[in-house]
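What follows is a set of notes on a single structure, which appears directly below.
The values are calculated or read from the model by the stated rules, or taken from the named source; none is laboratory data. All values reported here derive from a predicted model rather than from experimental measurement. So basically every Cβ, Gly included, is an ideal-geometry build from the backbone, and we count neighbours across all protein chains shown. Heavy atoms of the whole protein, side chains included, go into the accessibility calculation; ligands, DNA and RNA do not. Shrake-Rupley method; radii C 1.70, N 1.55, O 1.52, S 1.80 Å.
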Amino acid sequence: MKHPIALFLKTCLAAFVAAASVQPLGAQNTADWETYFEQLTAMEDAETADWENAYEVVSQLAANPLDINSATRDDLERIPFLSDTQIAEICEYLDRYGRMQTLGELMLIESLDAPRRQLLSCLLVAGAEPQAGFPQWRNILKYGEHQLIATVKIPTYRRKGDDKGYLGWPYRHDLRYQFSYGQYVKAGITGAQDAGEPFLAGRNRAGYDYYSAYLMVRRLGRLKAAVVGRYRLKAGLGLVINNDFALGKLAMLSQMTRQQGSLRAHSSRSEGNYLQGAAATIALSKAIDLTAFASYRAIDATLGKDSSAIRTILTSGYHRTESEMNRKHNAHQWLAGASLHLRKNGFHAGLTAVATGLDRELKPQNGQLYRQIYASGRSFWNASVDYGYTSRRLSVSGETATGSCHGVATLNMLRVALTDRLDVMGLWRMYSYRYYSLVARSFSDGGSVQNESGGYVGLNWRATRRLTFTAYSDYAQFAWPRYQMEANAHSWDNMLTVTWQQGPWTAAARYRWRQRQHQTTQRTRLSLMRKGTHWTLKTQGDLSVADGKTGWMVSQQAGFHSQKWLVAGVLGWFRTDDFSTRVYCYERGMLYSFGFQSYYGHGIRYSLLAQYAPSRRLALMAKAGTTNYFDRSTVGTGLQQVAHSSLTDVELQLRWRF
C-alpha cells in the first residue's frame, strides 16, 4: 500500500502544476498535435519516408488517445519520439504514485522537454480506473468505432503524360475504412490510386491500383499483439529486419536507444515497404516475449532480358505507364522468422533470425564497381543478437548480425545522463561491405546497413526549463567505392540546435555543416512561433550554402482553430542556385498526409487549408496550394512535364465516424 503522505503530496503538487501551466495539458488540445509534432520534425530535413511513418503512428494515436493509467510499457513504446529513459520514468511514476489525476502531472517527468510533453498531452488521456482484462467481443462489436476517410487530389494543370503516356486519370485519390475499439482491436482496408494509374480499367478492373487490409488485436491474455494481413515489423536495432521507421540523427538522440521490437498494422498508402501474412508477439513469461512472423507478397521488379532474373527490386509503387504496369507484381518474395526477447531488472537481450527468398534469382547488373557488393541470390538468411541495459542515468544497447552473406554488422550505443538536464550519447557502427539483408534498416549516413563504419557523439542539454541545446557530430567511412566514386570515401555531419520557450513563444535556431562526397553543405534555420489559445503564428527563415552556391527561403505560417473550425495557411518565397541548395518547409496537409516539401529555383509557395467539423462524427477538409516559379516556363521533365510556370493542386477530404 502506498504511503499516504506521499500520495497527499503528489496530489497537491499535481494540482499546483496543472493550475500553473500556461496551457492546459489534456485531450482538448488534440487539434494542436500537428503543431507540436512539427516542432520535433522541423529541425531536420525530411528527405525520407521515416517521418511520414512516424506521422502515421502519431495520427492514429491522436484519433484514439491512449489512457496513460492503463497503458503498459509496450503501449508507451509505440510512441515513436519517447526514449527508454522517458518511458521508464513514466512507468516508475505510475508505479510509485498510482494513476494520474490529470495530464498536468507530466510536468513532473523531468526527462520530458516541452515539445514532447505538449505532444503527449494530445495523444494521452488520464482516465478513470483501468479496465481489467480484454473486453468481451460482443462489446467490441457493439461499441467499436467505424471511420471512413475519402481523399482526392485534383491538379488544375495537365502533365505531358496525361495527354499521351499515362493509362489513367490525372487524379490521386484513396479510400480508408477502419474499425477500432480503444487500443485492443483495429481492422481496416485502404484503397489508393496515384495520378495517372488506371481505375476500374485494364489490370485494375477491381478498382484501385493498391489495396491494404489488416486485422490487429492487442492485450489478449498472453497475446500481446497479433496481426493478420499487411503489417510492419522491427526487431532489435534493425540490422536484420526493420520495415518500420528509423528517425533522423537529431531525433535519434532520444529514440535510438530503444531496443524493443515493434509490430503494427500497415494502414497507409505506401506500397513499397510492408509484409503480408501474419505475425504475433506472445508473452512466454513476465520477462520473455516471442515474436514470430511470416510473409508472402508480390513485388515490383525490373527483370533481365529472359525474365529469369531480377535486376532491381522496385518500391515506388507507380503503375502509370505500360512499362510500369508490366513491372507490377512480376515477382514474389517470402519471409519467415522469429525474435526472442528477454527484459528483466533493466537488462535486455534478444535473438532474431530471418529467412527470405525470391521466386527468381536476384542478379543486379554489376558492371559498375559500386554495384558489385549488392545482394545477389535466390534465398538468404540473417541472424543477430541484441543486448543492453537501461536505467535512469545509463543506457547501453547494441546489436551484432551476420548471415548467408558471410559479412558482419554491429551497432553499439551508450547514453549517460550526467545530470538531470544533460544527456550525452556515443554510437559506433561497423557495417561490412559484405553484409546485407533485404529487410534491414538502421542508423546510417549512407542509407543502408552495408559498407559503412563510423562514430557519432551527441548531447541534449536542458539548460533551463525554457532553454535547450541539442548537438551531434557524426563521422562515417565507406570502404567500398560508392555511386559516382572510384575510391573509398568519408562524410562528416555536424548540427547544433537551440530552442527557447517561454509562455506562448518558441524561438529556435539550427546550424548544420555537412561534408559528403566532395561537397560541403551548410544549412541555417531561424524560426519564431507564438501559440495562443486559438491562434498560431510562425515566421521562419532558411539559408543553404553548397560549394559557393546559395539558396534561401522566408516563410510565414498562420493557423486558427476553434471547436468546429481549423484554418491553416503558408506563404513562402524561395530562391536557390540549384538542387544542391534546396530548402524545406512544412505545411499542414490532409489527415494521414505528412506535408514536408523541398523547393529549388526561384518562386513562391502559398497554400490554404480549412477544416469544418460540425460534430465529432463528421469533418470536411479542403486545401488549395500553388507553387509559382519565376525562373522557368515549364515545370518537371519527361511525362511529368507541365507547360506552365505555376502548379496549383486542390485537395478534398471527408471523414465520417459512425
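Summary of values
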read-out	value
Selection within the stretch 303-322 - touching a Lys or Arg at 6+ places or on another chain (Cβ under 9 Å), at negative phi, open to solvent by less than 60 Å² (accessible area, probe 1.4 Å) and not aliphatic (A, V, I, L, M)	Gly304, His319
Test result for Gln515, more than 25 Å from the chain's Cα centre (by Cα) and in contact (Cβ under 8 Å) with a residue 60 or more places away in the chain	no
Leading residue by the ranking (nearest to the chain's Cα centre (by Cα)) among those in the stretch 584-601 that are part of a loop (DSSP other than H, G, I, E, B) and free of Cβ contacts under 8 Å to residues at least 40 places away in the same chain	Gly595
Residues that are open to solvent by 40 Å² or more (accessible area, probe 1.4 Å) and outside any strand (DSSP E or B), drawn from the stretch 331-351	Asn345
Number of the exception - Gly447 against (1) of a type outside the set (S, T, N, Q); (2) crowded, with 18+ Cβ neighbours inside 10 Å; (3) under 22 Å from the mean Cα position of the chain (by Cα)	(2)
Subset of the stretch 352-373 (residues that are surrounded by fewer than 16 Cβ atoms within 10 Å (Cβ to Cβ) and either of a type outside the set (A, V, I, L, M, F, W, C) or under 25 Å from the mean Cα position of the chain (by Cα) (or both))	Asp359, Glu361, Gln365, Asn366, Gly367, Gln368, Arg371, Gln372
Any hit, the stretch 130-148, residues being on the phi > 0 side of the Ramachandran plot, among the small types (Gly, Ala, Ser) and surrounded by 15 or more Cβ atoms within 10 Å (Cβ to Cβ)	no
Cβ pairs under 6 Å, 6+ apart, first in the stretch 365-382 and closer than 15 Å to Thr312 by Cβ and modelled with pLDDT under 90, second open to solvent by 40 Å² or more (accessible area, probe 1.4 Å) and of a type in the set (Phe, Trp, Tyr)	Tyr370/Tyr483
Flag for Ser384 being part of a strand (DSSP E or B) and touching a helix residue (DSSP H, G or I) at 6+ places or on another chain (Cβ under 7 Å)	no
Qualifying positions in the stretch 195-240 - outside any loop (DSSP other than H, G, I, E, B), farther than 16 Å from His329 by Cα and open to solvent by 60 Å² or more (accessible area, probe 1.4 Å)	Leu215, Leu220, Lys224, Val228
Failed condition for Met485, given (1) open to solvent by less than 40 Å² (accessible area, probe 1.4 Å); (2) in contact with a Phe, Trp or Tyr (Cβ under 9 Å, 6 or more places away or on another chain); (3) in a strand (DSSP E or B)	(3)
Whichever residue in the stretch 383-431 is of a type in the set (Val, Ile, Thr) and modelled with pLDDT of 90 or more and, among such residues, is nearest to Trp461 (Cα to Cα)	Val424
In the stretch 560-596, residue modelled with the lowest pLDDT [restricted to those that are touching a helix residue (DSSP H, G or I) at 6+ places or on another chain (Cβ under 8 Å) and farther than 30 Å from Gln522 by Cα]	Tyr592
Complete set of residues in the stretch 287-306 that are touching a residue at least 12 places away in the same chain (Cβ under 8 Å) and over 24 Å from Phe245 (Cβ atoms)	Ala287, Ile288, Ala301, Thr302, Leu303, Gly304
Residue selected from the stretch 64-88 under the condition outside any helix (DSSP H, G or I) and aliphatic (A, V, I, L, M), by the criterion most open to solvent (accessible area, probe 1.4 Å)	Ala71
Output for the stretch 524-553, where each listed residue is farther than 24 Å from Arg466 by Cβ, touching an Asp or Glu at 6+ places or on another chain (Cβ under 7 Å) and open to solvent by less than 70 Å² (accessible area, probe 1.4 Å)	Thr550, Gly551, Met553
Tyr166, sole failed condition from (1) modelled with pLDDT of 95 or more; (2) in a strand (DSSP E or B); (3) not charged (D, E, K, R)	(2)
Qualifying residue in the stretch 56-63 (condition: closer than 26 Å to His266 by Cβ, at pLDDT 55 or above and either of a type in the set (S, T, N, Q) or surrounded by fewer than 16 Cβ atoms within 10 Å (Cβ to Cβ) (or both))	yes
Search result, residues across the stretch 536-550 that are more than 27 Å from the chain's Cα centre (by Cα) and assigned to a strand (DSSP E or B)	Val545, Ala546, Lys549, Thr550
Arg320 vs. criteria part of a strand (DSSP E or B) and either in contact with a helix residue (DSSP H, G or I) (Cβ under 7 Å, 6 or more places away or on another chain) or basic (Lys, Arg) (or both)	no
Unmet requirement for Trp565, which otherwise passes all of (1) within 26 Å of the chain's Cα centre (by Cα); (2) under 26 Å from Arg116 (Cα atoms)	(1)
Subset of the stretch 626-644 [without any contact (Cβ under 8 Å) to a residue 40 or more places away in the chain and open to solvent by less than 60 Å² (accessible area, probe 1.4 Å)]	Thr626, Thr627, Asn628, Tyr629, Thr634, Val635
Complete set of residues in the stretch 503-545 that are farther than 30 Å from His490 by Cβ and charged (D, E, K, R)	Arg530, Lys531, Lys538
Pick from the stretch 383-412, criterion among the hydrophobic types (A, V, I, L, M, F, W, C) and open to solvent by 10 Å² or more (accessible area, probe 1.4 Å), ranking: nearest to Val449 (Cα to Cα)	Val408
Cβ pairs under 6 Å, 6+ apart, first in the stretch 161-190 and over 17 Å from Gly229 (Cα atoms) and free of Cβ contacts under 8 Å to residues at least 40 places away in the same chain, second among the hydrophobic types (A, V, I, L, M, F, W, C) and in a loop (DSSP other than H, G, I, E, B)	Pro170/Ala195; Arg172/Ala195
Flag if Thr581 is crowded, with 20+ Cβ neighbours inside 10 Å and either touching a residue at least 12 places away in the same chain (Cβ under 8 Å) or more than 30 Å from Arg530 (Cβ to Cβ) (or both)	yes
Residues that are among the aliphatic types (A, V, I, L, M), at pLDDT 80 or above, open to solvent by 20 Å² or more (accessible area, probe 1.4 Å) and assigned to a loop (DSSP other than H, G, I, E, B), drawn from the stretch 89-129	Ala126
